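Since the structure comes first, as structure tokens, the remarks are kept for the end.
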């Protein structure tokens, strides 16, 4: 008996086969066969040296192996020894490893795989498979492929149908939305046209003056400052509470292009010499870049540059729908806009023009 994969007891220094002591430990944990406490360690070098010099016969010697192997190489040799018995994968017969490969090349029970249809069959059935079964298998595979293609095609057709139906639905929804939007736009256009018609029917004239320094002529179409040089206000006849209203002025005379103001204020605001400073006044002055918001001068508001001169045709647009007024100078083509705070300038609104120099003259153009 030779120590195999030897280990030793650290307490009593006795040596054991590793398999033997492991079996013992399963029954007697931590106890040495020599009754002491067992704690494993490597065998002493002298024993290992003796074991390494041993030449041991292969365990398959009775099967014909005649090799004597060094102690350290015995396990590897026996795992690969040609004289060990192995079972044939086909007929399950036990043969020496050295004869197994040759046997399995001829064994009629070995499984083979057809390279054409990939079916497994026994070697003994090769002829029948090639002549009959393979063709049947190929035919069945083709049928299966056709069925799969039909199913895929059906699914693709269904998906395409659903996609087209969804696109048509989306297009119809878009058409419906455009139809609604078109009706809304038509209604808006009609409202604008109605407001414009209403605007064209409302003809403005000068009506009220702050002092006798002003004179209204030509049935309210002209106002002129006739007496002395001082600020004085003239107001229009109409009151504005709705719609978009347009008034055109011709500045027929303005001394040295010095001063004029256009704008609107609340009807309830008293007339004044300096009407442009009234709390509800919104408009523009010619002097430098004066822009008035609720009577407070905001020089250069929204880019206004005060470029108004004698003979200019000025258009004042009073928009009661969006609460703003616009000034358009036809000579310079410049446009300006002022938002109106209706809480500071309540409806209805009135046109307010202010002159300062003798003979300054403004005409309402129809």
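The values are calculated or read from the model by the stated rules, or taken from the named source; none is laboratory data. Everything numeric here is computed off the predicted structure, so don't read it as measured data. Counting neighbours? That spans all protein chains shown, and the Cβs are built from the backbone with ideal geometry, glycine included.
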Counted residues in segment 331-366 being in contact (Cβ under 8 Å) with a residue 60 or more places away in the chain, closer than 20 Å to residue 241 by Cβ and in a loop (DSSP other than H, G, I, E, B) come to 6
Spans of strands (runs of 3 or more DSSP E) in segment 86-191 with at least 3 residues over 60 Å from the mean Cα position of the chain (by Cα) and either within 30 Å of residue 60 (Cβ to Cβ) or not assigned by TED's automatic domain parsing to the domain that holds residue 242 (or both): 94-96
Any residue in segment 82-97 that is farther than 30 Å from residue 124 by Cα and surrounded by 13 or more Cβ atoms within 10 Å (Cβ to Cβ)? no
Within segment 213-231, is there a residue that is exposed (fewer than 10 other Cβ atoms within 10 Å of the Cβ), out of contact with any helix residue (DSSP H, G or I) (no Cβ under 8 Å at 6 or more places or on another chain), at pLDDT 85 or above and in the same structural domain as residue 250 (by TED's automatic domain parsing)? yes
Taking segment 274-311 and keeping residues loosely packed, with under 15 Cβ neighbours inside 10 Å and touching a residue at least 60 places away in the same chain (Cβ under 8 Å) leaves 279, 311
Does residue 235 count as in contact with a strand residue (DSSP E or B) (Cβ under 6 Å, 6 or more places away or on another chain) and not in a helix (DSSP H, G or I)? yes
Does residue 319 count as assigned by TED's automatic domain parsing to the domain that holds residue 219, closer than 24 Å to residue 205 by Cα, without any contact (Cβ under 8 Å) to a residue 40 or more places away in the chain and surrounded by 13 or more Cβ atoms within 10 Å (Cβ to Cβ)? no
Only residues that are part of a loop (DSSP other than H, G, I, E, B) and either surrounded by 17 or more Cβ atoms within 10 Å (Cβ to Cβ) or touching a helix residue (DSSP H, G or I) at 6+ places or on another chain (Cβ under 9 Å) (or both): list them for segment 65-75, please. 65, 67
